[in-house]
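Quick notes on the structure that follows.
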Amino acid sequence: NFPSPSAILKMDHPSTKSIEQQQSNTKFRHAYPKTLRTTLQKFGRWTCIILIIAITFPAITWAVPGTIEGIVLDEKSGQPLSSANVIVKGTFKGAATDLDGKFTILGLSPGSYDLQCTILGFTDQIHTGITVRSGLLTEIEFRMKSTILAAGEEVIIIGERPLVETDRTSSGVRVTSDDISAAQVEDVKDIVAEQLGVVAEDNEVHIRGGRSDEHLTIVDGIRVRDPISGKGYGTYLSAEAIKEVEVITGGFNAEYGQAMSGVVNVVTKEGSDKLEGSVTFKSDHLGTDDLKNNRTNATEVNVGGPEPVTTNLFHNVLRVPGRGYFFLNGYGYISDTYLPYASSLAPRKSSYDLFSPREENNWSFLGKVRWEFDPKRKLSFGYGRSIQINQGYFEPLLEDKEYFPYEYINILDNYNTFTRESIQSSITWKHTLSQRTFYEAILSRFFIRVHSAVDNKHWTDYIEHQDTNPTYYIPDIRGNLIIRQGDGFWDSGDAETWHDHYSDTYSLETNLTCRLSDMHQIKTGWNGEYTELQLLHINAPWVGTSGLGRNWDMYHVYPNSGAAYIQDQIRYKGMIANVGLRFDYWFPGEYVEDVIDDPSVATLTKTARRKFTEDTFGLFGHRGKGHLSPRLGISHPVTDHDMLFFSYGHFSQRPKYSYVYAHLRSQSAATYQLFGNPNLNPSITVAYELGLKHKFSQNQVLEITAFYKDLFDYPTSEDISWDNPRYGNISYFMYFNQDYARARGIELRLKQRAARYLTGSLEFTYSIVTGKSSSSNTSLLVAAGEIQEKTLGEEYMKWDKPIISSLTLHFYRSPDDPKPWGIPFPKDMGIRNRIEFQSGKRYTPLIQLPSGAQVYDEERYNALTSSLFIWDLSIYKNFHISGIRFKWFLEIENLLNQRKPNTINPLTGRAYEPGDEIPITWQDSPQDLPPDDPSRYGWPRTIISGFTISF
């Protein structure tokens, strides 16, 4: 009944045939949906109507522009001045004041701008350094002086970014390119991990107690989530390519969806009027063998400015008005890490061998071109690609996997090589219709593929692994010898997993922003996605006669999804309220509908089939699900120096596709089989937060926020047993929406911005996260005997850290500054310190009974290891020669060489050390692995030095 291994594809996409094509003569043929072309032919008329509506009706886009709003007054009388011209210098954008002296400039990309105001009879005035933030309003006031200066003279006012964003009704932080340049970060994940309310544990990032797949990452308007694993960082992007990162940890507006715990909105750099570029190289090999290094090297190139090709073609040849700009970024990072490594890796393609010289290899490219026709119209093109090649030590690619394959430590060349590829491309159109209205449209594609195999073999070429050495002769109580072979480490053969999946998502998104009056600003939108997704997973391919091993799964599906929203920003006497409503929908596709209608699928009961029909709605002959989410945020000034804000909202996230489609049409010989559930509902968060911001001065602000979150309808595996009249007694596991969790806590941030020398922040978080279980596969793991039985009540989540506190201090002396406090500190030099204190890692204690027996505590994860104190230090010095800037830097992570435990000895509450007492299960036979796993501790101290050349 199984297709032959040679009939199943080797998963090359899109150059080879799909599963559907290669399985045309097998029993699986009817399970796969029609092609997109056939579907469009069947629903051509409706599809065209929907696309027309999508283009003309506003829809969601994520690279949200900002707005500048202000008033122009006479300095002496305080009266408003009409007909003044306000121009954003270096752009085509600007506005004229109305009779009340007010002006509004819409559609500005996040960044820093200079505003110039001119009016007859008054001196020209320039406000510099005006910061525009994504999706927020920046307010400016011009007070014009009567003309008494010489003609052409200007008054320049130096602007600074406000520490308190008065129109923000949610919690979060914005990290600029200057902040990123000073920090010790390599990619987006590193930037997010440093923020308030974020826990980085086991190579994963958790925002305010949520699971690692509950936050959404958006890069230039493209959602970059892997729909199979649910991981938010579907692409690798260098930190130096980023213009701004906004991390929203609570109360985000209705424009954001498919995220239960947070949103990471990334805006990459763009070209400007001036040609600029930089080259960076850094390494941990400092020219001496006295310091241990991990053979780490990184190189990066940036260049951007006016774009000569399109400018010449459009402007000079085709006579298209406007001007063009470009930006390019290339990045490469290679390292052998601090763990044992293979002699060589074998990525998915032999052409990728050049990109895998070390154990950890990360590469990325980003290219952007935009054409500004006039102040009202802009067209942008973006393309990004990343490749990561490694053995999965630091990539949480699969749920509940062990990161370092300790049992393969003697034959790491026979362990899997992971190849992770992503492509993102987009076309963005921005059009300002008037001073109060503009819209945007984004057509994008995001492709991601994960391939895992031993030596790039086909699974049929795998060799069963063997543990044959040494041989033990153990006498029993009768004097007989028991012969046992092996020491728990594999001596030959291959790892047992072969995996490949890809998803290819096309999306159309638009939005419309309209300022109806001084009180109301409306934003509304819709977006639609079409995804092709394919997966093939083989486990222990040498088992059985099917050629597909002990456990396998395969599906090729075409789900589609979308959302519509509307929100109103209300301003009234200093109060700001964001009121929104969002509707998310998704259609699992014909694959699921065929399974529901197929009585031969024994894992679906009659009740399950009936419930699917009852819980879904029909549209164009297909079944879908939807969820409505209300959002409310309020910000109100209490005094001249205090602002109170509150937010309440429902946030939903559809289940990972692996929870829906897994094993619906595949069979295996596995003892514990886990099946997807076509009728899973979205998981829901209901969140509240209350905060206060107090401004001690223009450069010092204190923020205090309390939050509470109910998270429910988590998918979890449950045991199903029923008597089927055709197949007899059936027992298996399936996902159901039955888990829940709670997160509550308080956050504090004190931010200091000095006029000279010193900036910094002090952050503190106290939070508790409890729930039914920390994994969707808990019941399956209990049945397999890998963990103890879960409790009836709540337990601590394994990533819960009650206390996290950090202090960041950045000292910098500019070339024009005098000696700080009389100290001869070098000019144009800086030092950044980040000191973090955090609670230890959660674990379940093992209790030693008087009888000698050992039992685990009934309450899982109720103990913490010792607290951690991590100190990161960076030093840099700038040099300027003939208009070129040279920057030397030294970065030291974990300066004190703190040993952060990854795996815990449950008897001692710390990582295993020689001589420690160990659990009986670790020593009851010679085949048990010794507990001195080299990955039981995290990264030790690392020292990296490098330089940057900029022009």
**Request:** Look through segment 754-778, keep the residues that are assigned to a loop (DSSP other than H, G, I, E, B) and of a type in the set (S, T, N, Q), and return whichever of them is farthest from Asp828 (Cα to Cα).
**Result:** Asn777
**Asked** Among the residues of segment 814-821, is any modelled with pLDDT of 95 or more, over 22 Å from Pro940 (Cβ atoms), in a loop (DSSP other than H, G, I, E, B) and not charged (D, E, K, R)?
**Response** no
**Fill in**
Within segment 263-316, residues surrounded by fewer than 13 Cβ atoms within 10 Å (Cβ to Cβ) and not in a loop (DSSP other than H, G, I, E, B) come out as Pro308, Val309, Asn312, Asn316
**Options Glu240, Glu255: the member that is out of contact with any Ser or Thr (no Cβ under 6 Å at 6 or more places or on another chain), under 28 Å from Arg370 (Cβ atoms) and part of a loop (DSSP other than H, G, I, E, B)** = Glu255
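Looking at segment 68-108, which of the residues that are of a type in the set (Lys, Arg) and at pLDDT below 85 is surrounded by the fewest Cβ atoms within 10 Å (Cβ to Cβ)? First the steps, then the outcome.
Just the residues of segment 68-108 that are of a type in the set (Lys, Arg), to begin with: 76, 89, 93, 102.
Next, from what is left, pick out any that are at pLDDT below 85: 89, 93.
On the way: Lys89: 14, Lys93: 22.
Ranking the qualifying residues of segment 68-108, first place goes to Lys89.
Just wondering, is there one or more residues in segment 870-884 that are hydroxyl-bearing (Ser, Thr, Tyr), closer than 23 Å to Trp939 by Cβ, modelled with pLDDT of 90 or more and not in a loop (DSSP other than H, G, I, E, B)?
So the first thing to find is which residues in segment 870-884 are hydroxyl-bearing (Ser, Thr, Tyr), and the list is 874, 876, 882.
Pick out the ones that are also closer than 23 Å to Trp939 by Cβ and you get 874, 876.
Cutting the leftovers down to modelled with pLDDT of 90 or more gives us 874, 876.
Now drop any that are not not in a loop (DSSP other than H, G, I, E, B), which leaves 874, 876.
Scanning segment 870-884, I find at least one residue that is hydroxyl-bearing (Ser, Thr, Tyr), closer than 23 Å to Trp939 by Cβ, modelled with pLDDT of 90 or more and not in a loop (DSSP other than H, G, I, E, B), so the answer is yes.
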**Complete:** Among the residues of segment 697-733, the number that are surrounded by fewer than 20 Cβ atoms within 10 Å (Cβ to Cβ), modelled with pLDDT under 95 and among the small types (Gly, Ala, Ser) is 4
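Given the options Pro375, Pro357, name the one that is surrounded by fewer than 21 Cβ atoms within 10 Å (Cβ to Cβ), more than 24 Å from Tyr233 (Cβ to Cβ) and not hydrophobic (A, V, I, L, M, F, W, C). Can you show your working first?
Working: Pro357 fails: more than 24 Å from Tyr233 (Cβ to Cβ).
When all the criteria are applied, what remains is Pro375.
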**Asked** Among the residues of segment 845-852, is there at least one that is within 39 Å of the chain's Cα centre (by Cα) and of a type outside the set (Val, Ile, Thr)?
**Response** yes
**Asked** So how many residues does segment 734-776 have that are at pLDDT below 90 and surrounded by fewer than 21 Cβ atoms within 10 Å (Cβ to Cβ)?
**Response** 8
**Request:** Might you let me know whether segment 60-67 holds any residue that is at pLDDT 85 or above and of a type in the set (A, V, I, L, M, F, W, C)?
**Result:** no
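Identify all residues within segment 186-224 that are under 22 Å from Glu747 (Cβ atoms), touching a residue at least 12 places away in the same chain (Cβ under 8 Å), assigned to a strand (DSSP E or B) and not charged (D, E, K, R); write none if there are none. Quick ask: steps written out before the conclusion?
Taking segment 186-224 and keeping what is under 22 Å from Glu747 (Cβ atoms), we get 188-201, 204-212, 214-217.
Keeping just the survivors that are touching a residue at least 12 places away in the same chain (Cβ under 8 Å) gives 188-199, 201, 204-212, 214-217.
Of the ones still in play, those that are also assigned to a strand (DSSP E or B) are 198-199, 201, 204-207, 215-217.
Matches in segment 186-224: Val198, Val199, Val205, His206, Ile207, His215, Leu216, Thr217.
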**Request:** Could you list, in sequence order, all residues of segment 133-172 that are in a strand (DSSP E or B), assigned by TED's automatic domain parsing to the domain that holds Gly78 and modelled with pLDDT of 85 or more?
**Result:** Thr138, Glu139, Ile140, Glu141, Phe142, Arg143, Met144
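Taking the stated definitions as given, is Leu108 among the hydrophobic types (A, V, I, L, M, F, W, C) and within 21 Å of Trp429 (Cα to Cα)? Outline the logic, then answer.
Numbers: among the hydrophobic types (A, V, I, L, M, F, W, C): yes; within 21 Å of Trp429 (Cα to Cα): yes.
So Leu108 passes the test.
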**Message:** Tell me whether segment 478-493 contains one or more residues that are touching a strand residue (DSSP E or B) at 6+ places or on another chain (Cβ under 9 Å), surrounded by 22 or more Cβ atoms within 10 Å (Cβ to Cβ) and part of a strand (DSSP E or B).
**Reply:** no
**Leading residue by the ranking (surrounded by the fewest Cβ atoms within 10 Å (Cβ to Cβ)) among those in segment 115-148 that are more than 20 Å from Thr432 (Cα to Cα) and among the charged types (D, E, K, R)** = Glu141
**Message:** Testing Met554 on (1) more than 26 Å from Val686 (Cβ to Cβ); (2) more than 28 Å from the chain's Cα centre (by Cα), one condition comes back false. Which one is that?
**Reply:** (2)
**Fill in**
A careful count of residues in segment 863-890 that are among the hydrophobic types (A, V, I, L, M, F, W, C) and under 16 Å from Gly946 (Cβ atoms) gives 7
**Message:** Among (1) in a strand (DSSP E or B); (2) basic (Lys, Arg); (3) at pLDDT 95 or above, there is one condition Arg370 misses while meeting the rest; what is its number?
**Reply:** (3)
**Request:** Identify all residues within segment 499-514 that are under 30 Å from Ser434 (Cβ atoms) and not hydrophobic (A, V, I, L, M, F, W, C); write none if there are none.
**Result:** Ser507, Glu509, Thr510, Asn511, Thr513
**Asked** Do we find a residue being at pLDDT 95 or above and of a type in the set (D, E, K, R) anywhere in segment 442-453?
**Response** yes
**Message:** Condition check: loosely packed, with under 15 Cβ neighbours inside 10 Å and touching a Gly at 6+ places or on another chain (Cβ under 6 Å). Does Ser882 satisfy that?
**Reply:** no
**Prompt:** In segment 322-358, what count of residues is obtained for those that are touching a Lys or Arg at 6+ places or on another chain (Cβ under 9 Å) and outside any strand (DSSP E or B)?
**Reply:** 9
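Go through segment 638-677 and count every residue that is outside any loop (DSSP other than H, G, I, E, B) and closer than 30 Å to Ala540 by Cβ.
At the first step, the residues of segment 638-677 found to be outside any loop (DSSP other than H, G, I, E, B) are 642-653, 657-661, 674-675.
Retained after the next criterion (residues that are closer than 30 Å to Ala540 by Cβ): 657-661, 674-675.
Selection size over segment 638-677: 7.
Within segment 630-677, take every residue that is charged (D, E, K, R) and buried (at least 23 other Cβ atoms within 10 Å of the Cβ) and give me the one that is nearest to Gly232 (Cα to Cα).
Of segment 630-677, the ones charged (D, E, K, R) are 631, 640, 642, 654, 656, 665.
Okay, now just the ones that are also buried (at least 23 other Cβ atoms within 10 Å of the Cβ), so 631, 654, 656.
Numbers: Arg631: 23, Arg654: 14, Lys656: 12 Å.
Restricting to residues being charged (D, E, K, R) and buried (at least 23 other Cβ atoms within 10 Å of the Cβ), the top hit is Lys656.
The values are calculated or read from the model by the stated rules, or taken from the named source; none is laboratory data. Computed from a prediction, not measured in an experiment: that's the story for all the values here. Cβ: placed from backbone, ideal geometry, glycine included. Neighbour counts: every protein chain shown.
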